[in-house]
1. Within region 30-73, take every residue that is polar (S, T, N, Q) and surrounded by fewer than 22 Cβ atoms within 10 Å (Cβ to Cβ) and give me the one that is modelled with the lowest pLDDT.
2. For region 144-164, how many residues are surrounded by 12 or more Cβ atoms within 10 Å (Cβ to Cβ) and not small (Gly, Ala, Ser)?
3. Look through Ile121, Ile167 and report the one residue that is surrounded by 14 or more Cβ atoms within 10 Å (Cβ to Cβ), of a type in the set (Val, Ile, Thr), in contact (Cβ under 8 Å) with a residue 60 or more places away in the chain and in a strand (DSSP E or B).
4. Looking at region 135-143, is at least one residue at pLDDT below 95, surrounded by fewer than 18 Cβ atoms within 10 Å (Cβ to Cβ), farther than 21 Å from Ala12 by Cβ and aliphatic (A, V, I, L, M)?
Amino acid sequence: MNSMTSPLDAEALYLQLLAQIKERTSTIQNLAIVGIYSGGVWLAQRLNADLGLETKPGFIDVSFYRDDYAKKGLHPDVKPTQIPFHVDNATIILVDDVLYTGRTTRAAINELFDYGRPAKIMLAALVDRGGRELPVAADFVAYSKFFEKTSSVNLHRAVDGKLSLSIDHA
């Protein structure tokens, strides 16, 4: 696999995403954030702090909710889902690092409904790479560009918390 550092500045993209969310959610009551492991969790933690939300962010692992679970089996790195707030009637920002086919988003929404019935779910993604297989669109997205199926767009977090993006080409 040929890997390259992305010319995309993940930190600048994060600030764009934060600005979009602040602009459209400043008057929303009962706002909560849930990040999808792993990159979505990193983003959710920062967004939660930068938005000054009183509720801790939730973290979700969609491994058991994926439509390809029977084919792929259990991922060795399954993490526990943690939703530290009442989902019923909450407006939830579901956060993922890279939006691709829409299948992870669908799985995360299915899992959220196991915890209650939110008033609204909005999707935030740092990068929308195109290639949708399900009718899913992000409400907030910092960067959109079509990437070939053979490419992989990955978010990384350094020890100091700084974010970076890489693009791997098979």
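1. So the residue we want is Ser63.
2. Keep residues of region 144-164 that are surrounded by 12 or more Cβ atoms within 10 Å (Cβ to Cβ), which gives 144, 147, 151-157, 163-164.
Then keep just the ones that are not small (Gly, Ala, Ser); that gives 147, 153-157, 163.
The number of residues fulfilling the criteria is 7.
3. On the way: Ile121 fails: in contact (Cβ under 8 Å) with a residue 60 or more places away in the chain.
That would be Ile167, the only listed residue that is surrounded by 14 or more Cβ atoms within 10 Å (Cβ to Cβ), of a type in the set (Val, Ile, Thr), in contact (Cβ under 8 Å) with a residue 60 or more places away in the chain and in a strand (DSSP E or B).
4. The initial filter retains those residues of region 135-143 that are at pLDDT below 95, namely none.
Checking region 135-143: not a single residue is at pLDDT below 95, surrounded by fewer than 18 Cβ atoms within 10 Å (Cβ to Cβ), farther than 21 Å from Ala12 by Cβ and aliphatic (A, V, I, L, M).
Conditions tested, residue by residue: (1) closer than 23 Å to Arg46 by Cβ; (2) among the small types (Gly, Ala, Ser); (3) within 17 Å of the chain's Cα centre (by Cα).
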site	(1), (2), (3)
Glu111	yes, no, yes
Ile121	yes, no, yes
Val127	yes, no, yes
Phe140	yes, no, yes
Phe146	no, no, no
Asn154	yes, no, yes
Asp160	yes, no, no
Ser164	yes, yes, yes
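The values are calculated or read from the model by the stated rules, or taken from the named source; none is laboratory data. Given the structure is predicted, the values throughout are model-derived calculations rather than measurements. With ideal geometry, Cβ positions are generated from the backbone for all residues, glycine too; neighbour counts draw on all protein chains shown.
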